[in-house]
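All of the numbers you see were taken from the coordinates with simple rules; none came from a lab. Everything quoted here is computed from the prediction, not taken from an experiment. We place every Cβ from the backbone using ideal geometry, glycine too, and count neighbours over all the protein chains shown.
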Amino acid sequence: MPLVDTKEMFKRAYEGGYAIGAFNVNNMEIVQGIVAAAEETQSPVILQASAGARKYAGAEYLFGLVESALKVSTVPIALHLDHGADFETCKSCIDGGFTSVMIDGSAQSFEANIAITKEVVEYAHAHGVVVEGELGQLEGIEDDVNVTTGSYTDPDDVEEFVSRTGVDSLAIAIGTSHGAFKFRPEQCTRNEQGVLVPPDLRFDILEEISQRLPGFPIVLHGASSVVPKYVEIINHYGGNLKDAIGIPEDQLRKAARSAVCKINIDSDMRLALTAGIREHMAKYPEHFDPRQYLKPARQNIQDIVAHKIRNVLGSDGKAIDV
Ligand code: G3H
Ligand code: 13P
Ligand code: ZN
């Protein structure tokens, strides 16, 4: 099946009360693990590549891996640029066959964000590609920019931004954040076992935005739950991820039932992959063939993505819909 764009995926996800997972790809094992999980669960899926991923793997190699996935899979797959920083990066992906791009002008002023987003939308739409914009700033790392004080999306801005830019979907800030350390301990409470409990997402802001943009697809970045099982394995086998913390899965599930049609997940796969490698290396110190340790790591990617599809996104069995 050829690459699809996300228009139909989002329409059905909106109506059906589920969300599509957008999983970051950086190498062959990650692409294979995600696509195997989408196949296993019969779910549509978005493969997304950051500028860093294209630099690491090489844009041609990365695209080639996705093309290979299309040959062996039966589920709908979209290819999306994650956090496009400028027009040139978006243009290069549009020209190179991506079906969706994000232009991330969220760190710029409202007017500058509108101007750059509109420029990308005009070029993308002329080439049959859809565009995600962003309003509001997440904390954490966004493409080499380390944001220490995020700002929630202001619902008063969204109608003007969408109508003036023509974007197809909008990423908003309601308390999610990038990476494996989403909240500082002082932002959390602790339960009786001393485990950190993060603050709730701002569902009031999400609700207000969805009322102002009826039927419009909303995107959540920074939506890994930082699965404790993998953090524990990493720490058990020599890692040091003290106070790693993510978004509770029940909150993400609630978001997926609402206007949120796309949920971005990268850190949970990084943790699953690293846990698989660390565990294997510790148990089999005599191994040095990459296939020996990358095989369980790739299986971990498949397991975590299938878990997300079934328990967070609710997109299992929806491949047939698109
Ligand atoms: O939002 C950021 C994604 O996790 C991609 O991260 O720029 O390190 O590839 P990256
Ligand atoms: P996480 O770091 O929570 O996985 O978020 C990834 C992301 O938003 C990619 O754009
Ligand atoms: Zn992101």
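Brief remarks on what is shown
- Working from the Cα coordinates of segment 10-168, the gyration tensor eigenvalues give, after taking √(5λ), semi-axes of 26, 18, 16 Å in decreasing order.
- Those lysines that a straight Cα-Cα span of less than 30 Å connects to Lys91, excepting residues fewer than 8 apart in one chain: Lys7, Lys11, Lys55, Lys71, Lys118, Lys262
- FRET E, pair Lys11, Lys55, Förster distance 51 Å, beta-carbon r, rounded to 0.05: 0.95
- Only beta bridges with both residues in the chain are counted; by DSSP, about 15 percent of them are antiparallel.
- The chain: most fluctuating residue of Tyr237, Tyr123, Tyr284 per GNM, C-alpha cutoff 10 Å: Tyr284
- With the highest mean first, a sort of the peptides 239-252, 178-191 on other beta-carbon atoms found within 10 angstrom per residue produces 239-252, 178-191.
- If you sort the three axes of the alpha carbon gyration tensor as a ≥ b ≥ c, you get a/c of 1.5 or more for segment 173-322 and a/b no higher than b/c, which makes it oblate.
- Simple Cβ-charge dipole of the chain, Lys/Arg +1 and Asp/Glu -1, about Cα centre, in debye nearest 20: 1020
- In this label model, Met1 and Glu249 are separated by 2.5 nm, measuring between points 7 Å along each Cα→Cβ vector.
- Asn27 versus Arg202: modelled label distance in nm, points set 7 Å from Cα along the beta carbon direction: 3.8
- Amide H contacts of Phe181 (H built 1.01 Å from N, under 5 Å, at least 5 apart or other chain): Ile245
- Placing unit charges on the Cβ atoms only, positive for Lys and Arg and negative for Asp and Glu, gives segment 1-119 a dipole magnitude near 120 debye about its Cα centre.
- Computed from the C-beta positions of Phe110 and Thr189 and an R0 of 30 Å, the FRET efficiency is 0.30 to the nearest 0.05.
- Paramagnetic label zone (point 7 Å from Cα along Cα-to-C-beta, Ser68; backbone N under 16 Å) in segment 273-312: 290-292, 294-295, 298-299
- Positive end of the dipole of the chain (Cβ unit charges, origin at the Cα centre): among Leu273, Ser43, Pro296, the Cα lying farthest that way belongs to Pro296.
- Net length available on complete extension from Ser163 to Leu241 is 23.8 nm, with 0.36 nm assigned per residue and the Cα-Cα distance removed.
- With 0.36 nm allotted per residue and the present C-alpha distance subtracted, the Lys283-Ala126 stretch has 51.2 nm of extension available.
- Here the mean projected area of the convex hull built on the C-alpha positions of the chain is 15.8 nm².
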